[in-house]
Amino acid sequence: MNAPVHDAIVACARDSYSQLLSFVASRAGGDLASAEDALGEAFLAALQTWPVEGVPSRPEAWLLTAARRRLIDLQRREATRTRSTEMLIQAMDLAQENVEEGHTLPDERLKLLLICGHPAIDVAARTPLMLQTVLGLNAERIASAFLVAPASMSQRLVRSKAKIRAARIPFQIPSPEDWPERLAYVLDAIYVAFNAGYGTLGTDETGNEGFEEEAIYLARMLLRMVPNEPEALGLLSLMLFVHSRKAARRTPDGGFVPLNRQDPGLWSQAWIHEAENLLRQASAFGRPGRFQIEAAIQSVHAHRAVSGRTNWFMIEGFYRILRLYSNTLGARIGHALAIAQIRGPADGLAELDTIPGELASDHQPYWVARGHLLRRTRNSDASRKAYQRAIGLTEDPAVRSFLLNEMASEDG
Amino acid sequence: MTYALLFHESAADFALREDPEKAGAYWAAWSSYIAALGEAGIVQGGEGLLPPQTATTVRIRDGKRQIHDGPYAESKEMLGGFFIIEVPNLDVALEWAARAPSSGYGSTEVRPLMPPMKQDPS
């Protein structure tokens, strides 16, 4: 089977699964864990069966039948009928009735996303929870992307679901005054997922694929439910700009290619085009935010494909605005590099120097930027030291070889 | 928490150490990593090991000494060196393990150290 067909089938299974999960969980007392237990195996079975036998005409009905059978088996074995299983079965029956009468189920997935991004949930668990409940990914794969032990990732997920039930975190759309904050948590979590994928790029052959596509999928799903949120548009735009360069980020033999040396001919114009459109839609609302500004920076970079050069004045300006909204370490480093492009490396270094040492000490991009700018000021000893520090903090072997070469080459 | 980072490398990886073309990059990667560990101030100790063919293994069986040339067991990857680090938790230890050059070609094992043994009162 070719890859796009396979992906489409997996996407369909995911779609049906997450829709059912949110429908069932919200009607079974918010018991996400039990709903997931009941539907999870049916989902895994779908992932194995559908690519071989084709997608059933009513995917939800298929999943419900498989899940219900398992739940009944389980009940028979344990010879008890708990109240929560009772509620689950009722919710599943209600879903089945709807599906069989040809009604579409109300899409409750926004509630599911909002629960995963609830402030009462451990920050470290929000993104993993989304990946697990909305995309059905297993704890082991999530653990690999976030670099934690699989056992502790499982524990973190179990604890969060127990909390949702015990603390009765409601399955509902928050009130208008809480809405912006809650949506921001969801957007953050999606972006964390995207970057977890970005970091594992190049290890595809080990099966530890990134989460870029998954994050984009989540953002698209979110946008279907909240089409008028400029930051949600901005986030998808930002991710598509970055994703458009996927083919250019590596040489054919797996070597790392930094943005400024990428061949814009390899960038996907289709994705850039979609990203530009989304950004235009977002800015029409007149409510700028972190993701829109970051997307705007990427849009300037993307313009090199047309103009052949990068407008660093615009980029520097956008970084200045970005820092008003979100003065993260990454924004500060990006700003310093942009300043170096327009006012020279010494000014860029001066900007880098304003970053407190304890923030930067284990941060690889900081040391890359520092090594690069020091080399341009011809301070080769200090540059070597900074590059060395960056290399010692690098995970990706391809990036490590790239930096070793940079350190060895004397010309700026 | 104190953890051991155990760097496992294959025979081909050990051979890189002497490869005239690739030894430079091999050692540069390791020395950068070791420097970064040092800067982080978490290292309690650690050493690199010479390749497994320099190993000699000793066993006493039925009161008899058995000495054999080579490592304790032939396996695809062998211990090439180790560090003992003091970090707040396993997640941080995994982060440092991921940065080890051996993680990119061989593997890096993270093991918590045993707590200090109770001393007999004397």
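Laboratory data are not the source of any read-out in this text; all were calculated from the coordinates shown. The model shown is predicted, which means the values in this text are computed figures rather than measured ones. Quick reminder, even Gly has a Cβ in these numbers, built from the backbone with ideal geometry, and neighbours come from all protein chains shown.
Dipole of chain A computed with +1 at Lys/Arg Cβ and -1 at Asp/Glu Cβ about the Cα centre; of A:His6, A:Val52, A:Ile321, farthest Cα towards the positive end is A:Ile321. The Cα atoms of the range B:2-112 give a gyration tensor whose axes a ≥ b ≥ c have a/c of 1.5 or more with a/b no greater than b/c, which makes the shape oblate.
Scanning chain B for GluC sites (Glu not before Pro) that sit in a DSSP loop and have at most 12 other Cβ atoms within 10 Å, the longest stretch containing none of them is B:22-73. Note on the protein assembly as shown: helix-only mean residue ellipticity at 222 nm, from DSSP H runs of 4+ residues weighted -39500 (n - 2.57) and normalised by residue number, equals -19500 deg cm²/dmol. Report, to the nearest 10°, how far helix A:32-53 tilts away from the longest principal axis of the Cα atoms in chain A, using its own Cα long axis and a range of 0 to 90°. The answer is roughly 80 degrees.
For the range A:311-412, a crude dipole built from +1 on the beta carbon of Lys and Arg and -1 on the beta carbon of Asp and Glu, taken about the Cα centre, is about 160 debye to the nearest 20. When chain A is treated as a GNM with alpha-carbon contacts under 10 Å, the residue of A:Ile142, A:Ile121, A:Ile190 showing the greatest mean-square fluctuation is A:Ile121. For the range A:327-337, backbone phi angles converted through the Karplus equation (6.51, -1.76, 1.60; θ = phi - 60°) give residue-by-residue couplings of 8, 7, 4, x, 5, 5, 5, x, 5, 4, 5 Hz, Gly and Pro being listed as x. Comparing mean-square fluctuations of A:Ile315, A:Ile342, A:Ile297 from a GNM of chain A with C-alpha springs under 10 Å, the top value falls on A:Ile342. Give me the angle, in degrees from 0 to 90, between the Cα long axis of helix A:397-408 and the longest principal axis of the Cα atoms of chain A, rounded to the nearest 10. Tilt of helix A:397-408: around 10 degrees.
By its C-alpha gyration tensor, with a ≥ b ≥ c as the square roots of the eigenvalues, how is the range A:311-412 shaped: rounded for a/c under 1.5, else prolate for a/b larger than b/c, else oblate? Prolate shape, in that a/c is at least 1.5 and a/b is the bigger ratio.
Converting phi to 3J(HN,Hα) with the Karplus coefficients 6.51, -1.76 and 1.60 and the offset θ = phi - 60°, the range A:242-255 yields 5, 5, 4, 9, 3, 6, 8, 6, 10, 6, x, 8, x, x Hz in sequence order, with x at every glycine or proline. Comparing A:Thr127, A:Thr104, A:Thr85 in a Gaussian network model of chain A, where Cα atoms under 10 Å apart are tied by springs, the biggest mean-square fluctuation is seen for A:Thr104.
Here's the picture: charge each Lys and Arg Cβ at +1 and each Asp and Glu Cβ at -1 in the range B:2-112, and of B:Ile84, B:Gln66, B:Ser31 the one pushed furthest to the positive end of that dipole is B:Gln66. Rounded to the nearest 20, the Cβ-based charge dipole of the range B:2-112 about its Cα centre (Lys and Arg +1, Asp and Glu -1) stands at 440 debye. Among the trypsin sites (Lys or Arg not before Pro) found in the range B:1-107, those both in a DSSP coil and sparsely packed, with 13 or fewer other Cβ atoms within 10 Å of their Cβ, are B:Lys22, B:Lys76.
Sort the protein assembly as shown into rounded, prolate or oblate with this rule: let a ≥ b ≥ c be the square roots of the eigenvalues of the Cα gyration tensor; rounded if a/c is under 1.5, and if a/c is not under 1.5, prolate when a/b is larger than b/c, oblate otherwise. Because a/c hits 1.5 or more and a/b fails to exceed b/c, the protein assembly as shown counts as oblate.
Reported to the nearest whole Å, the Cα centre-to-centre distance from the range A:136-166 to the range A:235-297 is 30. Residues whose amide H falls under 5 Å from that of A:Glu108, counting only those 5 or more places apart or on a different chain, are A:Phe23, with hydrogens built in the peptide plane.
Computed about the Cα centre, the dipole magnitude for chain A is approximately 700 debye when only Lys and Arg (+1) and Asp and Glu (-1) carry charge, each at its Cβ. Backbone geometry of the range A:269-283 corresponds, through the Karplus equation with coefficients 6.51, -1.76 and 1.60 at θ = phi - 60°, to 3J(HN,Hα) couplings of 5, 4, 5, 4, 4, 5, 4, 4, 4, 4, 5, 5, 4, 5, 5 Hz, x marking Gly and Pro.
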